[in-house]
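Shown next, in C-alpha cells, is the structure this report addresses.
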Amino acid sequence: MSTELQPETVAAAELPQLSRSLHPPVRIVHLGLGAFHRSHQAWYTQQAGDAGDWGIAAFTGRRPDAALALAEQDGLYTVVERADAGDSFSVVGSIVEAVDGADVKRLVELVASPAIAVVTLTITEAAYRIGTDGQLDRTASDVAADLSLLGSLQGEPATPLGRLVLGLAARRAAGAGPLAVVCCDNLSNNGTVAHNAVTGLAAAWDADLAEWIDDTISFVSTSVDRITPRTTDADVRAVEAACGYRDNSPVVAEPFSNWVLSGEFPAGRPRWEDAGAVFVTDIEPYENRKLWLLNGAHSLLAYGGQLRGHSTVAEALADPECLQAVEAFWDEAEANLPGGLQIPAYRAALLARFSNARIAHNLGQIAMDGSTKLRMRAIPVLQAERAAGRSGAAAALMIAAWMDHSSTAAQPLQDARADAIDTANLLAGTRRIQALINLLDPALAMDHEVVQMVENLQGKFHHLAAIPS
C-alpha cells in the first residue's frame, strides 16, 4: 500500500536532489501557481547549486485548488519527465509555501520583506491588459475595479497586477529596497510589458509610487520553454505505481527545458545557470525564435487541428495538411529572424518534440486567449512579411483559422475579449473579418489586401475533412 507524499517519505527515499534542506527560506514570490511554473521556474530553482537558500512562496491565480493540494504535501510534488523511451521521476521541494492567491495580506507581507529578492510571474498573456499601444488598458473592467479599490483603500485588488502593485507599495513604505520582477509569460519584450503594466497601474493610483518603482524595481525579460500538458488521473496513478507514494499534484513535462534571461537582479538570484539557464544582453532574438516558431506553430495547430478533428499537438502534426501549414509559417518566421540562432536545428527539434505522442498536449488548452496570443505570434510575422514585399499568407492562415475556430467552437470561448469576438462574429463577410483583425491590430484591419487575403483563407481547414482515426 502506497503512502502519501510527505517530507518523511522523501527522506526515506533518499532522493539526491533533496539532500539539502526541505525548508529553504522564502526569497522568491511567484504569482500564477500552475503546472508550468512547477515544471519550469520551480524546477530550475530546485537544480540550482544554492537552492537551499532560495525557497519560493507561490500564489495561485483564480482558484485556490493548486495551493490547497500542494499544502497537504508540504509543497512537495513529482515532476514526470515523459520521453519516448519512458518516464523518469523526481521530487521538487523548492516551493515552501503554496498560497491561495486571494490571501492578499500574506502576499503584501512577503513582497514588503527585505528577504524577498525576486518576484516571478506566470499570470498568462491576457492578464497584463496591455493595449495595442503597448500601455496598460485602464478601461479594462478588472483594471478599473482594482484602481477603485486601491484608491478607496476599501477591499483588496482581485488581479495579480493589482496585488503586486499593493505589495510594492508596502515594500516602498517598509524601505525594503530593490528586487527583480521576472516575467515568464509568452510575450515579446515581456519585461517591458510587465514594467508598463505595473507602472501604469501604479501611476493611475499614486504617481510617487510609480516613480519609486521606476527607480528601484528591475524588470527582467525572459524566454521560457518546456511543454507541460495538463496532469490527468492516469498520471497520478502512474506516479503512485512507479514511486510507491501517492502525489495529488504531479506535473508532467517533456525532458527538454530552456530559460533565457536578460536584466538585473539587484537583490540577488539563485544560480539558475546550474540547471542550464542562459543570461544574455539582448533577448529579443531568442524571444522571437520561441514565440514565432514554437508558440506560433502551437496556435496554428490549435485552431487548424481542432477544425480537422484533432485533440492533441501530436495528432495534428501527423496530419499532412497541418504539417504543411506549420512548415510554411516557419519559413516566413525564419526569413525574419537574425542569423546565429541555429534555426534549422531548432525546427528539427520542434518537430521531434511536437511528435512525442506520450505528451498529450491538448489543443483546446493552447487555443485559450487567442486574441492576445496571436498579437505576439502571428501579427509580427505578417507585418514583417508585408514590409518585405511578400504576402505573409502563412501567418494570415493562422489568423483565418483562429477566426473559423472562434465561430465554430463547441465550448464558450476562453478569451479575455470573448464578448468582442462574439460581437464581431455576428457580422457578415468582409465586415466580420475586418472587425476580428481589428482586435489583433487596428492598422492591419485598415489594409484591404490583408483583409481580403484572410477572408480568402477562411474555411481552408473546414473543407478538408478530418483524417479518420
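Free of any GluC sites (Glu not before Pro) that DSSP assigns to a loop and that have at most 13 other C-beta atoms within 10 Å, the longest stretch within the chain is 15-263. Here the chain was treated as a single set of alpha-carbon atoms; its pair distances binned every 20 Å from 0 give 24, 56, 20, 0 percent.
The value for the stretch 89-193 of Rg(Cα) / (2.2 N^0.38 Å) is 1.15.
Tell me, what is the percent relative contact order of the chain, built from C-alpha pairs under 8 Å that lie six or more residues apart? Show your work: numbers first, answer last.
Numbers: 878 pairs, mean separation 67.5, N = 469.
Taking the mean separation of contacting Cα pairs over the length of the chain, I get 14 percent.
Using 0.36 nm per residue, how much length does the chain from A349 to H462 gain when fully extended, once their Cα-Cα distance is taken away?
Details: separation 113, 0.36 × 113 = 40.68 nm, distance 2.91 nm.
Extra length available between A349 and H462 comes to 37.8 nm.
Taking other C-beta atoms within 10 Å as the exposure proxy, Y346, Y128 rank Y346, Y128 from fewest upward. Let me know the shape class of the stretch 285-457, please: from the alpha-carbon gyration tensor, a ≥ b ≥ c as square roots of the eigenvalues, rounded when a/c is under 1.5, otherwise prolate if a/b is greater than b/c, or oblate. The shape class here is oblate. Helical runs (DSSP H, four residues minimum) scored at -39500 (n - 2.57) apiece and divided by the length of the chain put the mean residue ellipticity at 222 nm at -13500 deg cm²/dmol.
How far, in nm, would the chain grow between D53 and T3 when pulled straight, counting 0.36 nm per residue and subtracting the alpha carbon separation?
The span from D53 to T3 would gain 15.1 nm if fully extended.
The mean of 1/r over all pairs of different alpha-carbon atoms in the stretch 201-255, once inverted, gives a Kirkwood hydrodynamic radius of 15.3 Å.
Scaled against the 2.2 N^0.38 Å expected of a compact globular protein of N residues, the Cα radius of gyration of the stretch 373-469 reads 1.07.
Counted residue by residue at 0.36 nm each, then reduced by the alpha carbon distance between them, the extension gain from T216 to A71 reaches 48.9 nm.
Using a Debye calculation, one point per C-alpha and no hydration shell, please list log10 I(q)/I(0) for the stretch 3-281 at q = 0.14 Å⁻¹ in order. The Cα Debye sum returns log10 ratios of -0.96.
From least to most packed, judged by other beta carbons within 10 angstrom and beginning with the fewest, M446, M368, M376 follow the order M446, M368, M376. Fewest neighbouring Cβ atoms within 10 Å first, the residues K105, K373 line up as K105, K373. The amide H of H30, built 1.01 Å from its N in the peptide plane, has A57, A58, F59, T120 as neighbours under 5 Å, considering only residues 5 or more places off or on other chains. Compute the distance from the alpha-carbon center of the stretch 186-218 to that of the stretch 392-469, in whole Å. If you average the Cα positions of each part, the centres end up 33 Å apart.
Each principal axis of the Cα cloud of the stretch 336-410 was evaluated for its coordinate range; sorted largest first, these ranges are 39, 31, 17 Å.
Readers should treat all values here as calculations from the given coordinates under stated rules, not as data from a laboratory. Everything numeric here is computed off the predicted structure, so don't read it as measured data. Cβ coordinates were reconstructed from backbone atoms using ideal geometry, including for glycine residues, and neighbour counts include every protein chain displayed.
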